[in-house]
1. What number of residues within the stretch 1-50 are of a type in the set (A, V, I, L, M) and more than 18 Å from residue 75 (Cβ to Cβ)?
2. Looking only at the stretch 58-68, which residues are crowded, with 18+ Cβ neighbours inside 10 Å and more than 16 Å from residue 19 (Cβ to Cβ)?
3. Scan the stretch 54-72 residue by residue and report those that are farther than 17 Å from residue 1 by Cα and in a strand (DSSP E or B).
4. In the stretch 16-50, which residue that is in contact (Cβ under 8 Å) with a residue 40 or more places away in the chain and part of a helix (DSSP H, G or I) is surrounded by the most Cβ atoms within 10 Å (Cβ to Cβ)?
Amino acid sequence: MKTLYCTTITSSALKLIRRYEGEVSGSEATICHYVHEEPSKDKHGRIIENAFKVYFPNSEAICYTLSGEISYVLP
């Protein structure tokens, strides 16, 4: 389980989080049953500072930033 700071979240990211028993309440997102986490990278393979991807068992992922933005990552 992981708790993230959340200021904005896309509807697709929220659906994925809830599919795996997570929840968003106020400024906190609780992520459950994720498989692994890694730094987010741009299209050239460079690591994006303060951005991370969290993968779930179905291979779908969300991206979050330390500033509180959470979005769904297209497969």
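1. Step one: list which residues in the stretch 1-50 are of a type in the set (A, V, I, L, M), which gives 1, 4, 9, 13-14, 16-17, 24, 29, 31, 35, 47-48.
The next check asks that each one be more than 18 Å from residue 75 (Cβ to Cβ); those that pass are 1, 4, 9, 24, 29, 31, 47-48.
Looking only at that region, the number is 8.
2. Hits for the stretch 58-68 are 64, 65.
3. If the condition is that a residue be farther than 17 Å from residue 1 by Cα and in a strand (DSSP E or B), then 65, 69, 71, 72 are the ones that fit.
4. 17
Readers should treat all values here as calculations from the given coordinates under stated rules, not as data from a laboratory. From a predicted model like this one, the values you see are computed outputs, not experimental measurements. Virtual Cβ from ideal backbone geometry, glycine too; neighbours counted across all protein chains shown.
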